[in-house]
Amino acid sequence: MQFVEANGARIPAIGLGTWELRGRTCARLVEQALKLGYRHIDTAQIYENEREVGEGLRASGVRRDDVFVTTKIWTTHFAPNDLERSTKESLARLRLSAVDLLLLHWPNPHVPLAETLGALAHVKRLGMSRHIGVSNFTVALVEEAVALCPEPLACDQVEYHPYLGQTKVREACARHGLAVVAYSPVAKGRIKNDRTLARIGQVHHKTAAQVCLRWLVQQNVSAIPRTSKIERLSENIDIFDFELSQEEMHQVFQLASAGGRLNDFGFAPKWD
Ligand SMILES: NC(=O)c1ccc[n+]([C@@H]2O[C@H](COP(=O)([O-])OP(=O)(O)OC[C@H]3O[C@@H](n4cnc5c(N)ncnc54)[C@H](OP(=O)(O)O)[C@@H]3O)[C@@H](O)[C@H]2O)c1
């Protein structure tokens, strides 16, 4: 496993995304993923599966300290008292004394950012999270957050895959030492049929998804692909035994369309 280092955090380069994984399926996938060598699990309050993520973690037998657990605070809990209370509730559901990374899930213009970041830094100082960060923050918001936050931010978790370039957000994160954590890293499965990725994969005896994930980690990005299929868990982590050439990296970069694509919320995000 490779790690992405950012403002004191050491984030495993591949993690398991858990959005839409629920109940027994979620607990079983988390358990299996950890048994297969995953050391990074991504959940969120809004996914309603923190309890099952905790169950999977305990069932795996992997030592708590060897796993990097991220959760995210939903936007309705951004007022300072709410943030602290809801963090405690997340920890109770996970049955953990602390998470490794606690993120603001989306920007919320209705609560002053300085207050929310102050509260986020406070829960970190109380020991409820080892690191803190943001998600879905644009360049302008990253700049603002870095200036306002009393504690260093470890990452901006954003949608990033070969069809969405994210150049400016990546540059802003690099400027401030934040890691980029790529969500929807296999473009929700769309990359499976990509001819360029499949062609590059043939050379390395890898699938299109593996080429896509390798392309991300070779940029020092952490990627959190989700799957509901046990067999794909191994496929998505089996990417550390080959390397893409500069030319192959370039060919994948070329796939990003100029204007970005519509995301699941029906709009092309204006990250820049
Ligand atoms: N911060 C945020 O606002 C935010 C937003 C979205 C997501 N996330 C996080 O990022 C994680 C990943 O993003 P995502 O779930 O949106 O999308 P994703 O991981 O890009 O794609 C998941 C989809 O791709 C398929 N898939 C996975 N591995 C595959 C492979 N090797 N070959 C072919 N298809 C494959 C899965 O199908 P099967 O289940 O059939 O394998 C699933 O339908 C989430 O689970 C969540 O933890 C965060």
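The values are calculated or read from the model by the stated rules, or taken from the named source; none is laboratory data. Model, not experiment: these values are computed from the prediction. Neighbour counts run over all protein chains shown; Cβ positions are idealised from the backbone, glycine included.
This table checks each residue for (1) touching a residue at least 40 places away in the same chain (Cβ under 8 Å); (2) surrounded by 21 or more Cβ atoms within 10 Å (Cβ to Cβ); (3) under 19 Å from ASN136 (Cα atoms).
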site	(1), (2), (3)
ALA6	yes, yes, yes
THR25	yes, no, no
GLU31	no, no, no
ILE46	yes, no, yes
ASP66	no, no, no
THR75	no, no, yes
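For the range 46-80, the candidate set comprises residues that are in contact with a helix residue (DSSP H, G or I) (Cβ under 6 Å, 6 or more places away or on another chain) and polar (S, T, N, Q); within that set, the residue that is nearest to GLU231 (Cα to Cα) is SER60. Of all residues in the range 174-222, those satisfying the criterion of being surrounded by fewer than 17 Cβ atoms within 10 Å (Cβ to Cβ) and near the ligand (Cβ under 10 Å from one of its atoms) are LYS188, GLY189, ARG190, LYS192, ASN193.
A single entry from PRO225, PRO150 fulfils the requirement of being within 21 Å of TRP74 (Cα to Cα), within 9 Å of the ligand (Cβ to nearest atom) and touching a residue at least 12 places away in the same chain (Cβ under 8 Å): PRO225. May I ask you to verify whether ALA154 is assigned to a strand (DSSP E or B) and at pLDDT 95 or above? So ALA154 passes the test. Evaluated against (1) at pLDDT below 95; (2) closer than 26 Å to ASP66 by Cβ; (3) not polar (S, T, N, Q), GLY165 falls short on exactly one condition, (2).
The residue of the range 82-132 that is surrounded by the most Cβ atoms within 10 Å (Cβ to Cβ), among those that are basic (Lys, Arg) and touching a strand residue (DSSP E or B) at 6+ places or on another chain (Cβ under 7 Å), is LYS124. Of the residues contained in the range 246-254, none is found to be within 15 Å of the ligand (Cβ to nearest atom) and part of a loop (DSSP other than H, G, I, E, B).
Of GLU20, GLU52, which residue is at pLDDT 95 or above and surrounded by fewer than 24 Cβ atoms within 10 Å (Cβ to Cβ)? Give the steps one after another, and end with the answer.
Numbers: GLU52 fails: surrounded by fewer than 24 Cβ atoms within 10 Å (Cβ to Cβ).
Only one candidate qualifies: GLU20.
A Cβ distance below 6 Å, combined with a sequence gap of six or more or placement on separate chains, defines the contacts here; from the range 189-209, residues that are free of Cβ contacts under 8 Å to residues at least 60 places away in the same chain reach residues that are more than 10 Å from the ligand (Cβ to nearest atom) and not in a helix (DSSP H, G or I) in the pairs HIS204/PHE242; ALA208/ASP194.
Among the residues of the range 228-246, those identified as polar (S, T, N, Q) and either without any contact (Cβ under 8 Å) to a residue 40 or more places away in the chain or surrounded by fewer than 21 Cβ atoms within 10 Å (Cβ to Cβ) (or both) are SER228, SER234, SER245, GLN246.
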